[in-house]
Amino acid sequence: MPSKRAGTKVPHGAKTTPRQNAKQRPAQPANNGHRLPGIWILWFGLLAGLFYGWYYGRWEDDSLKKQHREVVIFNPDIESPWDVVDIPGKGKGAIASRDIRQGELLLSEKPLFLVPPTINTSPTEFIWEKVENLTENKKQAFFNLSFVGLAQNKNPEKDKKHLALAIFETNAVSAGSSVGIFPRMARLNHGCSSAFNAVYSWRGQEGVLLIHAIKDIARGSEVLTTYSDTKKPRDERRAYLRDHYGFHCTCGSCALPEAESKASDNRLLAMAQHHSQLAGWMERKISGVEAIDHIKAIWKLGDEEGYWSERGRLAGDAVTDTDADATAPRLATSKALERSSATLVL
Ligand SMILES: C[S@@+](CC[C@H](N)C(=O)[O-])C[C@H]1O[C@@H](n2cnc3c(N)ncnc32)[C@H](O)[C@@H]1O
């Protein structure tokens, strides 16, 4: 397979194609029969070379363009295919404005600000300083966000510092080791287990948060992400969401009838157990073969549950786990996961 560089060396702009060249070749003299084979071989070699370069160069360019079209993982100017509207019982939310395909990039957004893992001052003062330093437009975007958890004795009109903290705590998402505020992303509501259809990832190098669809999302459906590790039983999930986000979850997973909900809880519990056993492979507590068995079990449970998140990571682990000394594949996998969002869309 010629390299892209070799392909691009082919003179696409040349006016004569190999076929035209063939037509234009000089007629052979009648008396040079003994020289014919040599000349023919030369001509043939030349034409074959030109055709090969032209054909594969073109093919490879096309194929690269096609791949690029299909695997756009980072487009800073992407317009999100959703409308932010009021949703009964949820405040605002994002409704798909067209059919969305699994794997599509839905958003890339820079933070209004980031907060590091440790700070030396009180959270209220720290967040307030961040907010104060925003431009007017950004400040407005921040104060437009929803909030829960403002103490009853605080007035949102007067206690701006406390309001800012409540907005921050309601909307912040992790961005590497920091957490940040992303006002467009912040309109996504939560779904558990099989209910969420979009996931986010932080691209440290570019300093943007990406959101990808992990499932097809029909026009008119709500785009949902997940606020927590939802491989937990329904009661635990609900308690967490109530305590941290102030709502009682009635997502598609939480709204399942009792028997189905129990079955879902059991699958999620089994997935979590396989995950924790799989983690033992890093410390060589289990063999590569056992690790693969856990991965297969998680995959199967995920199919039954409709839980497709984290599959890129699993696939990456499967590649490295097959080989005891998998330094190269492991490096390649971690690079791939770091560079792309394959982990989210697989
Ligand atoms: C990050 S905001 C999401 C956007 C928010 N609904 C808005 O109006 O801007 C988080 C808040 O949205 C609401 N929310 C998110 N998911 C929900 C759900 N599944 N059911 C009900 N409320 C939800 C809760 O009030 C939660 O504290």
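The values are calculated or read from the model by the stated rules, or taken from the named source; none is laboratory data. These numbers come from a predicted model, not from an experiment. Virtual Cβ from ideal backbone geometry, glycine too; neighbours counted across all protein chains shown.
From the list Ser309, Ser264, Ser287, which residue is over 19 Å from Phe196 (Cα atoms) and outside the structural domain of Thr225 (by the TED database)?
Numbers: Ser309 fails: over 19 Å from Phe196 (Cα atoms); Ser264 fails: over 19 Å from Phe196 (Cα atoms).
Just a single option satisfies the conditions, and that option is Ser287.
Might you check whether a residue that is of a type in the set (Phe, Trp, Tyr), touching a residue at least 40 places away in the same chain (Cβ under 8 Å) and either part of a strand (DSSP E or B) or under 20 Å from Val173 (Cβ atoms) (or both) occurs anywhere in the range 118-139? Give the steps one after another, and end with the answer.
From the range 118-139, those of a type in the set (Phe, Trp, Tyr) are 126, 128; that's our starting set.
Cutting the leftovers down to touching a residue at least 40 places away in the same chain (Cβ under 8 Å) gives us none.
Checked the range 118-139: no residue is of a type in the set (Phe, Trp, Tyr), touching a residue at least 40 places away in the same chain (Cβ under 8 Å) and either part of a strand (DSSP E or B) or under 20 Å from Val173 (Cβ atoms) (or both).
Would you be able to say whether some residue in the range 215-223 is in contact with a helix residue (DSSP H, G or I) (Cβ under 7 Å, 6 or more places away or on another chain) and at pLDDT 95 or above?
If we filter the range 215-223 for residues that are in contact with a helix residue (DSSP H, G or I) (Cβ under 7 Å, 6 or more places away or on another chain), which is where we start, we get none.
No, the range 215-223 contains no residue that is in contact with a helix residue (DSSP H, G or I) (Cβ under 7 Å, 6 or more places away or on another chain) and at pLDDT 95 or above.
Just to check your reading of the model, which residue among Ala255, Ala213, Ala218 is of a type in the set (A, V, I, L, M) and over 24 Å from Ser97 (Cα atoms)?
Values: Ala213 fails: over 24 Å from Ser97 (Cα atoms); Ala218 fails: over 24 Å from Ser97 (Cα atoms).
That would be Ala255, the only listed residue that is of a type in the set (A, V, I, L, M) and over 24 Å from Ser97 (Cα atoms).
Note on the range 243-260: residues that are within 16 Å of the ligand (Cβ to nearest atom), in a helix (DSSP H, G or I) and out of contact with any Phe, Trp or Tyr (no Cβ under 8 Å at 6 or more places or on another chain) amount to 1. The residue pairs whose first member lies in the range 193-220 and is in the same structural domain as Val173 (by the TED database), whose second member is among the aromatic types (Phe, Trp, Tyr), and whose beta carbons are closer than 6 Å, counting only pairs six or more residues apart or on different chains, are Ser193/Tyr307; Ser194/Tyr307; Leu209/Phe182; Leu209/Tyr200; Leu209/Trp202; Ile211/Tyr200; Ile214/Trp308.
Taking the condition under 20 Å from Leu314 (Cα atoms) and away from the ligand (no atom under 11 Å from the Cβ), does Thr226 pass? In short, no.
Listed here are the residues, each with its yes/no results for (1) under 19 Å from Ile181 (Cβ atoms); (2) among the small types (Gly, Ala, Ser); (3) not assigned by the TED database to the domain that holds Ala218.
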{"residue": "Pro81", "(1), (2), (3)": "no, no, no"}
{"residue": "Arg98", "(1), (2), (3)": "no, no, no"}
{"residue": "Ser108", "(1), (2), (3)": "yes, yes, no"}
{"residue": "Pro123", "(1), (2), (3)": "yes, no, no"}
{"residue": "Asn133", "(1), (2), (3)": "yes, no, no"}
{"residue": "Phe143", "(1), (2), (3)": "yes, no, no"}
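Does Ser228 satisfy the condition of being among the small types (Gly, Ala, Ser) and in contact with a Phe, Trp or Tyr (Cβ under 8 Å, 6 or more places away or on another chain)? Yes: the conditions hold for Ser228.
Selection of the range 140-161 for residues being under 16 Å from His244 (Cα atoms) and either in a helix (DSSP H, G or I) or of a type in the set (Gly, Ala, Ser) (or both) yields Ser146, Gly149, Ala151. Summed over the range 169-197, residues that are more than 8 Å from the ligand (Cβ to nearest atom) and among the charged types (D, E, K, R) total 2. In the range 90-102, what residues are more than 16 Å from the ligand (Cβ to nearest atom) and buried (at least 19 other Cβ atoms within 10 Å of the Cβ)? Across the range 90-102, the qualifying residue is only Ile100. The range 273-346 holds helices (runs of 4 or more DSSP H) entirely within its bounds, and those carrying 1 or more residues that are of a type in the set (Asp, Glu) and either over 29 Å from Arg101 (Cβ atoms) or at pLDDT 80 or above (or both) map to 288-305, 311-321.
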